[in-house]
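Taken together, the values in this text are just the output of simple stated rules run on the coordinates, not laboratory data. Predicted model only: the values in this text are computed from it and were never measured. Here the Cβ positions follow ideal geometry from the backbone for every residue, glycine too, while neighbour counts run over all protein chains shown.
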Amino acid sequence: AAPSQLPPLLHCLQEEKGWLTEAEAVAVAAYIGVPAIQVVEALSWYTMFNKAPVGRHVIKVCRNISCSLRGADGIVGHLEQRLGIAVGQTSADGRFTLQTVECLASCGTAPAMQVNDRYHENLTPERIDALLEELR
């Protein structure tokens with residue numbers, strides 16, 4: 001086993017229950033023969049891995065420079081208001097988790113967010129409202 005197997009293994013585990021524990025990280029490290037800290041650091045570094053239970057729809061809003069300059073803060077505020085939660089929280093009905101991430105590599109179509117594995121770009125409050133209705 002090689003360290004390059006780490007991200008795919010973590011993805012497979014996360015697909016099973018939606019999030020990963022530190023104990024699972026230690027087990028993965030033992031399986032592929034790397035120090036446990038290497039796997040724990042990967043869980044902390046990569047925003048695609050959830051370290052706590054999340055909602056059915058994980059909304060990740062880019063907060064990097066291009067998205068920030070094109071209104072990402074307003075997008076986050078709108079989502080917080082519409083969902084009734086703050087960044088880092090999950091809605092009471094378990095449908096939505098709201099997160100911010102450093103970069104979604106969508107600078108030319110900012111502001112952008114990712115919902116589960118799907119990108120949404122050139123965001124406006126109206127586009128977000130329509131999407132939220134679709135996801136409910």
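Net charge near L20: determine it from the other residues with C-beta under 15 Å of the C-beta of L20, scoring Lys and Arg +1 and Asp and Glu -1.
Net charge around L20: -3.
With 10 Å bins from zero, work out the P(r) of the chain over every alpha carbon pair and list the percent per bin.
Per 10 Å bin, starting at zero, the Cα-Cα P(r) for the chain comes out as 12, 39, 30, 16, 3 percent.
When DSSP beta bridges are limited to those with both residues in the chain, what percentage is antiparallel, rounded to the nearest 5?
Around 55 percent of the beta bridges assigned by DSSP in the chain are antiparallel ones.
Once Lys and Arg get +1 and Asp and Glu get -1 on their Cβ, which of Q38, G55, T21 lies farthest toward the positive end of the dipole of the range 20-71?
Highest projection toward the positive end goes to G55.
Under a Cβ-only charge scheme (Lys and Arg +1, Asp and Glu -1), can you give me the dipole magnitude of the chain about the Cα centre, in debye to the nearest 20?
80
Over the chain, with a Gaussian network built from C-alpha contacts below 10 Å, which listed residue (K17, K51, K60) shows the highest mean-square fluctuation?
K17
With springs only between Cα atoms under 10 Å apart, run a GNM on the chain and tell me which of C67, C107, C12 wobbles the most.
C12
What length, rounded to one decimal in nm, is gained on full extension from Q81 through to T47, with 0.36 nm per residue of separation minus their alpha-carbon distance?
Computed gain between Q81 and T47 is 9.9 nm.
Considering only C-alpha atoms, what is the centroid distance from the range 115-136 to the range 70-85, in Å?
If we compute the Cα centre of each part, the gap is 12 Å.
Please compute the net charge surrounding H78, taking Lys and Arg as +1 and Asp and Glu as -1 over other residues with Cβ under 11 Å from its Cβ.
Net charge around H78: -2.
Please list, in chain and number order, the residues 5+ apart from G18 or on another chain whose amide H is under 5 Å from its amide H, with Hs placed from the backbone.
none
With θ taken as phi - 60° and the coefficients 6.51, -1.76 and 1.60, list the Karplus ³J(HN,Hα) couplings across the range 121-133 in order, rounded to whole Hz; mark glycine and proline as x.
10, 6, 5, 9, x, 5, 5, 5, 4, 4, 5, 4, 5
Which residue fluctuates most in the GNM of the chain (Cα springs below 10 Å): S44, S91, S66?
Sorting by GNM fluctuation, first place goes to S44.
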